[in-house]
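Here's the structure, in C-alpha cells; my notes come after.
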Amino acid sequence: MQLIVDEGHLGQSEEAWKRSERLANLAPLAPIRARRVLIVAPHPDDEVFGAGGLIQHLLSEGIPLEVVAVTDGEGSHPGSTAISTVDLASTRVRESLEALRRLGWREPLITRLHLPDSNVRGYRQQLQETLRLKLRPGDLCIAPWRFDGHPDHDVCGEASLHASRSAGVQILSYLVWTWHWADPNSTDLPWRLSRRFELSRRARAKKRWATSAFASQIQAIGPDAADAAILPAPLLRRFWRPFEVFIDEAQAP
Ligand SMILES: [Zn+2]
C-alpha cells in the first residue's frame, strides 16, 4: 500500500470517523502501572500526534518517560528547494522539543538514533537491538502500529513489538496514518484490541497547542508543490479529538 497525502488525497474525513460507532464504543484503556515508559517516534512529531494526551497523563502520574526518536525527519519534503535536508532535520528536532514542552514535559528525555528518514527498513535489526537493550522488566513500550501505513512507522512498530516481546514488556501501539487510509466501517482496524483513552478539556487543548509547534509539517514551507504541508488542516483535525486510541498488543497474535 502506498500512502498518498495531498490536496487531492485527504483520506477519511474526520466526520466519517466521528460517525463510527465502533470507534465511539471502544473499551477504555486500562490504568497504566509501568515503572517507566519508552515512546518510539519514527519522525519528530509522531509521539505527539499519536500519544500526546497519554504523555500528559503519564507525566502527571510521575512515571518516567523517554522518547526514542528514530529519525530526524529530514525526508518530509523530498524535492523541496525551500529548505535543505540538514535545516529541515534541525527544524523538526526543535519543533518536537517545543511540542513536548507544551505538553508539560519541562525537560524531555529524548534519545536520537539519527536513522535515515524513509529508510528505517534498512536498519531494522539495529533498531530492534537498540530497543531490546533499552527495555527493562516493568517498562511499557508505546510505538506506532506495525500496519500504520508509512514504511518507517511500520518497521518501527515491528521492531518495537519484537523487542518488547523479547524483553517481556507490555506494548501499546498508537495510530497516525491509519486514520488516513482505514475505513471506519471495515475491519481495517483490530477493533477488539483497540482501547480508548479519554482526554480532559485541558489535555485536549494542550495537545492542540503542541501540534501547532510543527510549523514545518502543518504549513507550506515554500511556494512549490514540493513545499506543501504534510498535514493540512483537514488531516490535522484527527489529532485534536477528545480521545486517543491504542492497540493492546498483549492480545495480538
Ligand atoms: Zn511519521
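The values are calculated or read from the model by the stated rules, or taken from the named source; none is laboratory data. Remember, it's a predicted structure, so these values are computed and weren't measured experimentally. As a convention, Cβ positions derive from the backbone with ideal geometry for all residues, glycine included, and neighbour counts pool all protein chains shown. What goes into the accessible areas is simple: the full protein's heavy atoms, side chains included, and nothing from ligands, DNA or RNA. Shrake-Rupley method; radii C 1.70, N 1.55, O 1.52, S 1.80 Å.
Using alpha carbon centroids, what distance separates region 121-178 and region 183-214, in Å?
19
Tell me what the chain gives for mean residue ellipticity at 222 nm when only DSSP H runs of n ≥ 4 count, each as -39,500 (n - 2.57), the sum divided by the residue total, rounded to 500 deg cm²/dmol.
Result for the chain, helices only: -10500 deg cm²/dmol.
For region 13-69, compute Rh as the Kirkwood radius over C-alpha pairs and then the Stokes-Einstein diffusion coefficient at 20 °C and 1.002 mPa s; write the answer in µm²/s, rounded to an integer.
Working: Rh = 13.3 Å.
In µm²/s, the coefficient rounds to 162.
If I compute solvent accessible area with a 1.4 Å probe over the protein chains, what percent of it on region 95-246 is carbon and sulfur?
51
Report the extension gain between Glu15 and Arg124 in nm, rounded to one decimal, defined as 0.36 nm multiplied by the number of residues separating them, less their alpha carbon distance.
Roughly 35.6 nm would be gained on extension.
Name the most mobile residue of Pro223, Pro137, Pro232, meaning the one with the largest mean-square fluctuation, in a Gaussian network model of the chain with Cα contacts below 10 Å.
Largest GNM mean-square fluctuation: Pro223.
Using Cα springs under 10 Å in a Gaussian network model of the chain, which residue among Ala182, Ala41, Ala24 shows the largest mean-square fluctuation?
Of Ala182, Ala41, Ala24, the Gaussian network model singles out Ala24 as fluctuating most.
So how far apart, in nm, are the two label points at Arg136 and Ala27 if each is 7 Å from Cα heading toward Cβ?
Once both label points are built, they end up 3.0 nm from each other.
Would you work out if region 125-186 is rounded, prolate or oblate? Take a ≥ b ≥ c from the square roots of the eigenvalues of the alpha-carbon gyration tensor; rounded if a/c is under 1.5, else prolate when a/b is larger than b/c, oblate otherwise.
Prolate is the answer for region 125-186, as a/c is 1.5 or above and a/b outweighs b/c.
Out of the DSSP beta bridges found with both residues in region 32-247, what percent are antiparallel (nearest 5)?
Looking only at bridges with both residues in region 32-247, the antiparallel portion is about 30 percent.
With a 1.4 Å probe and all protein chains left in place, how much accessible area per residue does the chain have, in Å²?
Here the per-residue accessible area is 45 Å².
Please report, to one decimal in angstroms, the Kirkwood hydrodynamic radius of the chain built from all distinct Cα-Cα pairs.
18.2
Counting only protein chains, not ligands or nucleic acids, how are Arg201, Arg238 ordered by accessible area (probe 1.4 Å), most first?
Arg201, Arg238
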